[in-house]
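Report on the structure given below.
The values are calculated or read from the model by the stated rules, or taken from the named source; none is laboratory data. Only a predicted model underlies this, so the values are computations on that prediction, with no experimental measurement involved. Backbone-built Cβ (ideal geometry, glycine too); neighbour counts: all protein chains shown. For accessibility, only protein heavy atoms count, side chains too; no ligands or nucleic acids. Shrake-Rupley method; radii C 1.70, N 1.55, O 1.52, S 1.80 Å.
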Amino acid sequence: MKMFENIPKELTNVVVTGKSGAGKQPRIDVLVSEFQLEQLSTGNIFRTYLGKFNEFGYDDDLGIFWDEEEDSFVSDDEISKILETTDPDIILGMKAKYFVDRGLFVPDYITNELFKGFFSQRNFRGQVLDGYPRTLSQAKFLLELLEENKSDIDFILWVENEDNMIIERTINRRICPECGKVYHLIYAPPNDGKCKVCDTEVIQRSDDTEEKIRSRLKEFSEKVIPAMEFMEEQGVSIAKVPGHLEEFTPENVRKSVLGAINEIYK
Ligand SMILES: [Zn+2]
């Protein structure tokens with residue numbers, strides 16, 4: 001691998017960022033396979049904790065755990081008593097479910113707590129962080145957590161893409177609700193509105209409307225960019241890669257990612 005000779009053989013942790021729909025996943029795949037890292041995505045963290053809590057089987061209203069006057073959860077001891085468990089994963093799962101059930105924005109301190117629980121089980125190492133940090137306070141929390149645990153972020157991989165390209169790609173996206181295959185109305189159209197694999201009618205995800213994409217793009221500029229800039233100020237290097245390649249092949253994606261990383265180690 002002489003071409004990319006500057007890159008260290010082993011990495012500790014990498015943060016991957018980019019606008020929603022920029023094309024992060026194929027780049028994450030490269031990091032995972034080249035450096036034996038594991039993908040740690042916030043979506044997966046939430047699903048895991050929610051799953052554990054659902055399995056635990058507490059069906060009463062979760063409002064009992066929220067102290068309206070204090071505008072926060074009651075103490076963990078009290079939660080533990082009501083749920084009749086001391087398992088921290090179940091307590092975290094309840095907190096996540098409280099916000100998700102109500103369709104509320106999950107506050108940073110909860111996301112941080114969930115993230116920390118998951119990350120600690122992986123010894124704060126060997127992860128590609130995907131979807132975290134997304135705010136300045138999450139970025140601060142992350143850097144402190146790494147310092148406390150003598151771990152590190154090697155660099156941020158930033159997948160760049162133009163707004164109009166993301167919008168065009170997303171509003172034309174259709175998925176098969178049965179097998180999950182993804183289509184694009186112009187570049188990879190389904191067969192007369194039906195999935196080529198299983199013949200099910202394809203659908204547009206409710207998140208894929210122009211209005212929702214624009215709001216995600218706005219959130220990226222207002223919240224994620226300041227978080228990344230803060231990390232850079234604190235000494236974390238940023239490797240930028242294009243989300244759009246003239247010829248999109250696995251080998252080109254790989255070269256583009258490794259080339260950008262190689263540059264920061266020069
Ligand atoms: Zn299908």
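What to note about this one:
- Contour minus Cα-Cα distance for Glu247 and Val100 (0.36 nm per residue): 49.0 nm
- DSSP bridge orientation in the chain - percent antiparallel, rounded to nearest 5: 30 percent
- Eligible aspartates and glutamates near Lys181 by straight Cα distance, threshold 17 Å, same-chain separation 8 or greater: Asp192, Asp199, Glu201, Asp207, Asp208
- In the complete set of protein chains, residue-level accessible area for Trp66 is approximately 40 Å², probe 1.4 angstrom.
- Calculated on the alpha-carbon coordinates, the convex hull of region 50-104 measures out at 73 cubic angstrom per residue.
- Note on region 1-147: Cα Rg divided by 2.2 N^0.38 Å, N the number of residues, gives 1.21.
- The length gained by stretching the chain between Ile167 and Glu5 to full extension, at 0.36 nm per residue less their Cα-Cα distance, is 54.6 nm.
- Remark on region 88-195: ratio of C-alpha radius of gyration to 2.2 N^0.38 Å is 1.45.
- Taking Cβ atoms as reference points and 9 Å as the exclusive limit, the residues near Asn161 contribute a net charge of -1, counting Lys and Arg as +1 and Asp and Glu as -1.
- Placing +1 on each Lys and Arg Cβ and -1 on each Asp and Glu Cβ, with no other charges, gives region 134-266 a dipole about its Cα centre of roughly 320 debye.
- Gyration tensor analysis over the Cα atoms of region 150-224 returns equivalent ellipsoid semi-axes of 30, 16, 11 Å (largest first, whole Å).
- A simple spin-label model places pseudo-atoms 7 Å from Cα toward Cβ; at Glu78 and Asn54 they are separated by 2.8 nm.
- Normalised by the number of residues in the chain, the average gap of Cα pairs under 8 Å and 6 or more apart makes the relative contact order 29 percent.
- Note on Asp77: accessible area approximately 120 square angstrom, rounded to 10, probe 1.4 Å, nucleic acids and ligands left out.
- Evaluating kT/(6 pi eta Rh) at 37 °C and 0.692 mPa s, with the Kirkwood radius of region 193-241 over Cα pairs in the Stokes-Einstein relation, gives 233 µm² s⁻¹.
- Normalised convex hull volume, the chain, alpha-carbon set, Å³ per residue: 162 Å³
- Under 26 Å of direct C-alpha separation, and excluding same-chain neighbours fewer than eight residues apart, Lys140 reaches these lysines: Lys19, Lys24, Lys95, Lys97, Lys116, Lys150, Lys218, Lys223, Lys240.
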